[in-house]
1. Expressed as a whole number of Å, what is the distance separating the alpha-carbon centroids of the range 306-325 and the range 68-89?
2. Residue-wise, which Karplus ³J(HN,Hα) couplings in Hz belong to the range 308-322, taking 6.51 cos²θ - 1.76 cosθ + 1.60, θ = phi - 60°, and x for glycine or proline?
3. Hey, what's the range 160-267 come to in accessible area per residue, 1.4 Å probe, Å²?
4. Scan the range 291-392 for GluC sites (Glu not before Pro) in coil per DSSP, keeping those whose Cβ has at most 14 other Cβ atoms within 10 Å, and list them by number.
5. Over all alpha-carbon pairs of the range 275-414, lay out the pair-distance distribution in 10 Å bins, whole %, shortest bin first.
6. Name the residue farthest towards the positive end of the dipole of the range 8-152 from the options Ala130, Ala29, Gly115, assuming +1 on Cβ of Lys and Arg, -1 on Cβ of Asp and Glu, about the Cα centre.
7. If I compute solvent accessible area with a 1.4 Å probe over the protein chains, what percent of it on the range 126-183 is carbon and sulfur?
8. Give me, ordered by chain and number, the residues 5 or more places off Ala310 or on other chains with an amide H under 5 Å from its own placed amide H.
Amino acid sequence: MRPVVPWVFRATLLSFLLLSTAVLLFATARNARTVRSLAETSLESTAQALSASAENALRVGSGRTDGAVREILSDRVVAYALIAAPDGKILFHTNPMRIGRSLGEEGLADWLRSGRPFGRRVTLGTGLPAYEFDYVLHRPDGRAELLRLVLHTAPADRLLDGISRMWLAVSGMLVLLWAVGIALERVLTRHLRMQAEADRNERLALIGRMTATLAHEIRNALGAVKGYTQWVDEKTALSDPRKQGLSIALKGTERIESLVNELLLFAREETFSSAPVDLPPLLESLVREEAAGWPGQVAVDSVAGVRVLAEPDRLRRILANGVRNAIQAMGDTGVLRIGANRAGKRVRIFIEDSGPGIPETERPRLFTPFHTTKPDGTGLGLAYAKKVVEAMKGRIDLRNREDGSGAVFEILLPKG
Ligand SMILES: Nc1ncnc2c1ncn2[C@@H]1O[C@H](COP(=O)(O)OP(=O)(O)OP(=O)(O)O)[C@@H](O)[C@H]1O
Ligand SMILES: [Mg+2]
């Protein structure tokens, strides 16, 4: 049984995680947008300030282009700058070689008449990113010329690098947040499962103690009934018609006695002292005893010297029930195969039969106490076997054979 973490907890945890994720993503996206626009604004305002200073210097210098202007435009952020006449002729360039050439741009005169400062990102011939800013330069004599500033974007781009780092940090935080959330859910599931198992074990232990007390009392009372019936039976002559009734009563007491004994065995809290058990001789003697007189075919198929760590008496009792179950399933004909072989760190003991196998609907109930399909069965054989095998750190299974020709009872126990 797998306990389920209350859905309210899961829903709350999931909502919290989704909400935190949404808030973090939204806040980061907003910050990133702000930083991006800050970077653009800083480029634009630097370009604007430099352009205004250059224009001022030109006014003060009464039209002289070089000198002060060159000094202003030699700022470290400026990649290059130029001043062009409305016809496109370059009047000033930070690279003096370009002075006198034509800018080769159409519509410059029109733009100068109505133009507003205009900035955009470009890529330089060197492949570096830059910011190009066009500014209408008003000369003291009323002429308008183009002042083009091309700025390095590295300082502004450093701000943009911060955005990548911010996204990286946020992604890390989100991964951590979800990991913690999932781990929390897992831990809680495990805790609940362990608690449910502890509750179940406690309940089973209580039922076991009650059953043991009850079975003990029944056995004591039954001893007196059986003894008295036997005594009366012995005193009764064979010809007496009451003899038959007494025999039925005796059979009844014997049946109750065996049931109670099995029950006591199952309900008892046991301690185990495992020791290495040599399997081939055990299986041989088991088959000799349990299959004696059975008319079917018997095969023992063990790897020589294979040993398990188990308690011999209990292991024998479990396997004896397995052999009886197989024979009972087959009736008077069939093939019984019993054996043991190594399986990694464990040893596999199997009892195969050629009976009708187990219907799918039966499988989940096979190891449940008192589940039996036999009129005189107790249904405790497999339940007891499971209890003991698990206590001996092993595994037990009863399933249909792969070729569908009967059942296989299998026990895996640690190597001895
Ligand atoms: N080899 C098998 N083939 C088919 N069904 C089986 C086989 N072994 C067990 N079963 C089924 O599992 C049930 C439970 O077996 P278990 O040994 O626990 O009790 P039981 O044999 O019915 O009673 P008891 O062991 O007290 O005689 C059986 O009644 C039977 O229906
Ligand atoms: Mg049985």
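1. The range 68-89 and the range 306-325 have Cα centres spaced 100 Å from each other.
2. Karplus-based 3J(HN,Hα) across the range 308-322 equals 10, 9, 7, 9, x, 5, 5, 4, 5, 4, 5, 5, 4, 5, x Hz.
3. Accessible surface, normalised per residue, equals 71 Å².
4. Glu360, Glu362
5. 12, 45, 36, 6
6. Comparing the listed Cα positions along the dipole, Ala29 ranks first.
7. Carbon plus sulfur share of accessible area: 72 percent.
8. So Ala310 has HN proximity to Ala275, Val277.
The values are calculated or read from the model by the stated rules, or taken from the named source; none is laboratory data. Everything numeric in this text was worked out from a predicted model, so none of it was measured. A quick note on method: Cβ atoms are made from the backbone with ideal geometry, for glycine too, and the neighbour counts reach across all protein chains shown. Keep in mind that these areas ignore ligands, DNA and RNA; they rest on the heavy atoms of the full protein, side chains included. Shrake-Rupley method; radii C 1.70, N 1.55, O 1.52, S 1.80 Å.
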